Amino acid sequence: MSRNFPKKFSEPALEPQEAEEILKEVFERSGKEPNPTPLEVLVSYRDYRQERYALQKHILDFVLLLFFLLPLLFILPVFSLTPDTDAEPGRPVYSLKVHTFLPITRVTAVIDGYNISVYETDNHTYSIEPTRNGNLTVTVTLANNQYMTREVLVEDVDREAPKLVSTRQKNGSLYLTITDNASGIYYEGIYALSAEGRRTLPLSWDSGTGCIEFLCPKATMDIYIPDYSGNQLQLVVSVAQRDKAMSILNIESHVTIHGL
C-alpha cells in the first residue's frame, strides 16, 4: 500500500545579478535614489549578523546550562551506616547505604590508620567487615568531588584466641579444658599434628565444660584449637620420659590472632 507524503520544496533562489536589477527597479519606481551599497555587501553583512547571533545564542545556552548545573557541584553524599544484626559473634559487619543520584567514585574505611576492605553488595550498597576494634572512619566521595565522613566505635571484634584453663592425664588420655568467652570454640576444627605431619582428631569434647580429650602422645605434637573468628590457640605438647612406666607431658601455648 503506497502513501503520498507532502514533498518539501526549496524556495527559488535568484541570481545575485537578477536580485540587484529587481532592487534597482524598485527604487526607480518608488522615486528613491538607488542604493549605493552593492547587494553582495548587504548579503554578506546579513550572513555575518546571523552567524554572530548564532554564536551569542550558543554562549547564552552554555551559561544557562552552567547556571542550572552549579547546584550539583555542591551536593554532599548522604548515607547510613548500621551494624548487621545477622553477623556472627565476634565478627561484626556494617551495612553502608548511600542515598544519592550522582555517581559514587570512592568509598573508604579506616580503623586507626589501617585500611578495611569495602565490598559492594548492591547498587549504592556496601558491606564493611572490621578486623580490629577502634574508631571506624567511613568516607564516601561523589563524582562532583564532594565527600562525607562518619565515625563509628567498633568494640565487638573478637581479638582473643581460646585460652587453656587446665590439663590432666588419665587412663592414657590427655584432657584439656579450654575457654573462649567471645565467638566460642570451633570444636569441629580442632586437630593435632605429629612431628611427621600425621593429623589426629580429638577422641571427644564437651562443649558445655570446654573439655577436649586426646590420646596421650608418645612423642611431641602440636594441638590447634580455633574459635569461630579465626583466632587460634596452639599447644605444643612435649613428652619427657621419667621411667618406662610413666611419661610427663609439658604443654606450651602460642596464639594466632585473626587479621594480624
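Looking only at residues that are among the β-branched types (Val, Ile, Thr) and closer than 16 Å to ILE251 by Cα in the stretch 175-212, which one is surrounded by the fewest Cβ atoms within 10 Å (Cβ to Cβ)?
Initially, the stretch 175-212 is screened for residues among the β-branched types (Val, Ile, Thr), giving 177-179, 185, 190, 200, 209, 212.
Then keep just the ones that are closer than 16 Å to ILE251 by Cα; that gives 177-178, 212.
Working: THR177: 15, ILE178: 23, ILE212: 22.
Applying the filter and picking the extreme gives THR177.
Counting just the residues of the stretch 196-216 that are assigned to a strand (DSSP E or B) and polar (S, T, N, Q), which one comes out farthest from the chain's Cα centre (by Cα)?
SER204
State yes or no: is TYR191 among the hydroxyl-bearing types (Ser, Thr, Tyr) and in contact with a Leu (Cβ under 6 Å, 6 or more places away or on another chain)?
Numbers: among the hydroxyl-bearing types (Ser, Thr, Tyr): yes; in contact with a Leu (Cβ under 6 Å, 6 or more places away or on another chain): yes.
Yes.
For the stretch 79-95, check the following and say yes or no: at least one residue is at pLDDT below 90, surrounded by 10 or more Cβ atoms within 10 Å (Cβ to Cβ) and among the hydrophobic types (A, V, I, L, M, F, W, C).
Yes: one or more hits.
For every residue, the table says whether it meets (1) at pLDDT 90 or above; (2) acidic (Asp, Glu); (3) over 30 Å from PHE101 (Cα atoms).
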{"residue": "THR141", "(1), (2), (3)": "yes, no, no"}
{"residue": "ASP156", "(1), (2), (3)": "no, yes, yes"}
{"residue": "LYS163", "(1), (2), (3)": "yes, no, yes"}
{"residue": "SER166", "(1), (2), (3)": "yes, no, yes"}
{"residue": "SER173", "(1), (2), (3)": "yes, no, yes"}
{"residue": "SER183", "(1), (2), (3)": "no, no, yes"}
{"residue": "TYR187", "(1), (2), (3)": "yes, no, yes"}
{"residue": "ASP206", "(1), (2), (3)": "yes, yes, yes"}
{"residue": "GLY210", "(1), (2), (3)": "yes, no, yes"}
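Looking at (1) small (Gly, Ala, Ser); (2) assigned to a strand (DSSP E or B); (3) out of contact with any Phe, Trp or Tyr (no Cβ under 7 Å at 6 or more places or on another chain), which is the only condition ALA219 fails?
That leaves (2) as the condition not met.
Hey, could you check the stretch 95-129 for residues that are of a type in the set (A, V, I, L, M) and under 10 Å from PHE79 (Cβ atoms) and say which is nearest to the chain's Cα centre (by Cα)?
Out of the qualifying residues, it is VAL107.
So for the stretch 149-166 (the condition being open to solvent by less than 40 Å² (accessible area, probe 1.4 Å) and in a strand (DSSP E or B)), does at least one residue qualify?
yes
Output the qualifying pairs, or none if there are none: Cβ atoms under 7 angstrom, residues six or more apart or on different chains, first residue in the stretch 148-174 and more than 21 Å from SER253 (Cα to Cα), second residue at pLDDT 90 or above and open to solvent by 90 Å² or more (accessible area, probe 1.4 Å).
The qualifying pairs are GLY172/LEU215.
Going by the conditions given, is ASN145 farther than 30 Å from CYS216 by Cα and open to solvent by 50 Å² or more (accessible area, probe 1.4 Å)?
Here the answer is yes, as ASN145 does meet what is asked.
The values are calculated or read from the model by the stated rules, or taken from the named source; none is laboratory data. Note that the coordinates shown come from a computational prediction; the quantities given were computed from them, not determined experimentally. Cβ coordinates were reconstructed from backbone atoms using ideal geometry, including for glycine residues, and neighbour counts include every protein chain displayed. Note: accessible area is taken over every heavy atom of the protein model, side chains too, but ligands, DNA and RNA are not part of it. Shrake-Rupley method; radii C 1.70, N 1.55, O 1.52, S 1.80 Å.
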